[in-house]
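Below is one structure, written out as structure tokens, with a few remarks after it.
Each value in this text was obtained by applying a stated rule to the coordinates, not by laboratory testing. It should be emphasised that the depicted structure is a prediction, and the values quoted were computed from it without experimental measurement. As a convention, Cβ positions derive from the backbone with ideal geometry for all residues, glycine included, and neighbour counts pool all protein chains shown.
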Protein chains: 2
Amino acid sequence: MAATADLALAEPRSSPVGQCAYCHGEDGIARDTEVPHLAGQNEKYLFNQMMAFRAGKRPHKEMRFMARNMTVQEVAALAAYYAALPPR
Amino acid sequence: MAATADLALAEPRSSPVGQCAYCHGEDGIARDTEVPHLAGQNEKYLFNQMMAFRAGKRPHKEMRFMARNMTVQEVAALAAYYAALPPR
């Protein structure tokens, strides 16, 4: 709860990056080895995967929930954001 | 056909990296923007995704075919190989 509240304070309401950062890192480098790094990943790939999670075509409970709470514009912005970050 | 034949010649029979490289790059950097880069990705994530493709839990026709033609040992070796490559 505390961590979630901190993320909510740190990020403007319109940006869902804080929610992604919890697992994928603010810098797009995941600390959990079962979670993919997103930094420097292909923007189109990231966008397509988010849309696949959203539609349930790529099954993942948490990612489906996250993606369904975003607009297509927010998904596109996130894909562009993480693709632009430098990889490790 | 020519490209496939070249890959087959370039890689020893026991290594399936040549097949991956066709889409993901020999260096793990995909040229097609709809394909994910694999270089430097988390090894466990790569392994888990390959097993998910294999079982059909993550739907992808081509990846399912590729993964089904590999042993678990080959999948593990590929995950380790791509995870160890430097990202862009």
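A simple spin-label model places pseudo-atoms 7 Å from Cα toward Cβ; at A:Lys57 and B:Lys61 they are separated by 1.3 nm. Using the Karplus relation 6.51 cos²θ - 1.76 cosθ + 1.60 with θ = phi - 60°, the per-residue 3J(HN,Hα) values for the range B:59-68 come to x, 6, 3, 5, 5, 5, 4, 4, 5, 6 Hz, with x marking Gly and Pro. Residue order for A:Leu38, A:Leu46, fewest other beta carbons within 10 angstrom first, comes to A:Leu46, A:Leu38.
Counts of other chain beta carbons within 10 angstrom of each beta carbon in peptide A:43-49 average 3. In the range B:9-88, a dipole from Cβ-located charges (positive for Lys and Arg, negative for Asp and Glu) runs towards its positive end, and of B:Phe65, B:Pro36, B:Ala84 it is B:Phe65 whose Cα lies farthest in that direction.
Among chain B residues, the beta-carbon with the smallest distance to the axis carrying B onto A is reported, with distance in whole Å, as B:Pro87, 2.
Summing charges over neighbours of B:Arg64, with a neighbour being any other residue whose Cβ is under 11 Å away from its Cβ, gives +4 when K and R count +1 and D and E count -1.
Taking Cβ atoms as reference points and 14 Å as the exclusive limit, the residues near B:Ala80 contribute a net charge of -1, counting Lys and Arg as +1 and Asp and Glu as -1.
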